[in-house]
Amino acid sequence: MEVKFINKQLQCIQPFYGQIHTQEQTQEIRLPDAYPDIGKVLGCWGQVLMRGKEWRSTSMGANGGVMAWVMYAPEDGTQPRVLDAWIPMTCRWEFPEQADDGIMILNPMLSSLDSRGISARKIMMRASVDTFAQAYRKKAMELPIPGELPEDVQLLTRSYPVELPIEAGEKQVQLDETMPIPGNIPEIQKILAYDMIPYITESKVLGNRLVFRGRMDVQMQYLTPEGEIASWKTEIPFSQFTELDGDYAPGASAWVMPVMTAMEMEQTENGQMHLRAGVAAQYVIFDRMMLDVVEDAYSPKREILPKIQQMQLPILLDNTAMEMQVTGMLKADADRLESARVYGEYPTLRMGNETAELSLDGQFQTLFRNSENMLMGDTVRFESSVPFSTAPENQIQLWPGFPMAIEDTPGTDGFALRSAYPMTVQVYSGQSIPMVSELEIGEMKEADPSRPSIILRRVGDEGLWSIAKDYGSTVQAIREANQLADEPENGQMLLIPIS
């Protein structure tokens, strides 16, 4: 007799494709007519903005670019000049198989930015961007559940506490703020460059809503009327919520990845600072649940052949938040550091047997004054790595965040530079779960009334299920005969009743 289990639908989303797209793009900048000729290019800065996403059945794509600034010292010895540029970029990832619908999570990193003068009136800028894209799609898993079975059939059921990704999406956040300029900073003559870095500080799933809070760290460099370079830093808190597709219990959690989509900063006529910014708050919702599966079956009264199937679930084993330290040494005649920014390549993971090495390389871009008060620029490379423990079969996703503020320490040889990249390491199980999906049940055997009970000694790790199955008894009968609440101790004598 063949008995098939009932299939229960288990809905989740599955990360089925993830890849880094590296693109290098150049942009030629021509000086405005009113600007003096180039004497020396001092440095450049930039930030990645993602403008849009596209999903097709065979691929996914994104477009955006780098908002960049370049500073040069004029040939006539006047104040430094700054030019801005937009370096457009597009990315496309081809799927290994057709996927008609899905959700894309993007994480771009400006890995390098440099500039050089190619004539007295032109500057060439080159930007390299590493963009990691993770594709998710909805998946309905069939979980076999036993229906009505004969009383003599014994089932080994195990409960797995699991955390599964259930849904993903994004919330567009728009910031429009007018802020007074503090009176204790040097006067602003002209804005040179600025950064806007979003951080998510808290996220919570409340029923059918995702609520999150964060802040926008703003840093601006500007020229004073005396020709000095000064900085101003501030932060803007924000809080948002978005409606979710599902309604979740308190055990659900969210992971939120912010990406800048737009930014603009200008000084108003009344002496205030006007800031506009756009952030795409991309999120994945994880739900905790108990997964009950039948792993084995037998009967002490007849032959039973269980059919085992393997289920591969995107089970989240770990969601670790860490900081990866990066350091460098500016070895130069640097009397005063005017500006420093850090750009990192997308991190890599080199897998071993039981451990992995997480590596992050990149560069610090610096602007400083030497002992003769001349503006200079230099690039400092860094290499950083940390060990990470994981099983080789697990699937790992790396999500670096925006770098933290740079700490600089003057020394006899220059400046020691230090920063940190917040890093989220998501570990998904690479092992499948075995489960019984149907039973082939034979005819009842005639009981042997002369067959005696057995007395044996438990050896090693053999549990009650294995003992009962091997000797034609049941776990319940052995427990009752030996007054056991749990598994017997190693070496314990056991009475095995025979059915």
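The values are calculated or read from the model by the stated rules, or taken from the named source; none is laboratory data. Because the structure is predicted, anything quoted here is derived from the model rather than measured. So basically every Cβ, Gly included, is an ideal-geometry build from the backbone, and we count neighbours across all protein chains shown. Side chains included, ligands, DNA and RNA excluded: accessible areas come from the protein's heavy atoms. Shrake-Rupley method; radii C 1.70, N 1.55, O 1.52, S 1.80 Å.
Return the carbon/sulfur percentage of the accessible area of the chain, one whole number, probe 1.4 Å, all protein chains in place.
The nonpolar share, carbon plus sulfur, comes to 45 percent.
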Exercise. Pick the calculated P(r) over Cα pairs in 20 Å bins from 0, in percent for this structure from [x] 21, 56, 23, 1; [y] 26, 60, 14, 0; [z] 18, 41, 23, 12, 5, 0?
Worked result: [z]
Problem set entry | Label point at N394 placed 7 Å out along Cα→Cβ; residues across region 284-303 whose backbone nitrogen lies under 19 Å | 286-289
Problem set entry | Extension gain (nm, one decimal) between S359 and T379, 0.36 nm per residue minus Cα-Cα | 5.2 nm
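Enter the accessible area per residue of the chain (Å², integer; probe 1.4 Å; all protein chains in place). Working shown, then result.
Working: 24460 Å² over 499 residues.
That works out to 49 Å² for each residue.
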Exercise. For region 354-410, which GluC sites (Glu not before Pro) are in a loop by DSSP, counting at most 13 other Cβ atoms within 10 Å?
Worked result: E354, E372, E393
Problem set entry | Neighbour cut-off at most 16 other Cβ (10 Å), DSSP loop, GluC sites (Glu not before Pro), region 23-128 | E75, E97
Exercise. Between T268 and D247, 0.36 nm times their residue separation minus their Cα-Cα distance comes to what?
Worked result: 3.1 nm
Seminar exercise, completed: Each label sits 7 Å from Cα toward the beta-carbon; between S432 and K139 the label points are separated, in nm, by 1.1
For this session: Check cross-link reach from K445 to the lysines: straight Cα distance under 16 Å, and skip same-chain residues fewer than eight apart.
Result: K301, K469
Problem set entry | Estimated inter-spin distance, Q23 and N184, nm [label 7 Å along Cα→Cβ] | 4.4
Exercise. So what J values fall out for region 193-209 if you push phi through Karplus, 6.51 cos²θ - 1.76 cosθ + 1.60 with θ = phi - 60°, rounded to Hz, Gly and Pro as x?
Worked result: 7, 8, 10, 10, 10, x, 10, 8, 9, 7, 9, 8, 9, 10, x, 9, 10
Problem set entry | Inter-label distance for M311 and V386, nm, one decimal - labels placed 7 Å from Cα along Cα-to-Cβ | 3.5
Problem set entry | Subset of K8/K138; K40/K122; K8/K204; K139/K307; K53/K171; K8/K139 violating a 18 Å alpha-carbon distance limit | K8/K204; K139/K307
For this session: Output ³J(HN,Hα) for region 159-169: one whole-Hz value per residue in order, computed from phi by the Karplus curve 6.51 cos²θ - 1.76 cosθ + 1.60 with θ = phi - 60°, and x for Gly and Pro.
Result: 10, 10, x, 10, 10, 10, x, 10, 8, 9, x
Problem set entry | Where a label projected 7 Å from the Cα of T424 along Cα→Cβ would reach, residues of region 217-256 with amide N under 13 Å | 253-256
Exercise. For region 2-17, in order, what is each residue's ³J(HN,Hα) by Karplus, 6.51 cos²θ - 1.76 cosθ + 1.60 with θ = phi - 60°, in whole Hz (x at glycine and Pro)?
Worked result: 9, 10, 8, 6, 7, 8, 9, 7, 10, 8, 7, 10, 10, x, 10, 7
Exercise. Can you list the GluC sites (Glu not before Pro) in region 418-466 that are in a DSSP coil and have 10 or fewer other beta carbons within 10 angstrom?
Worked result: E443, E446
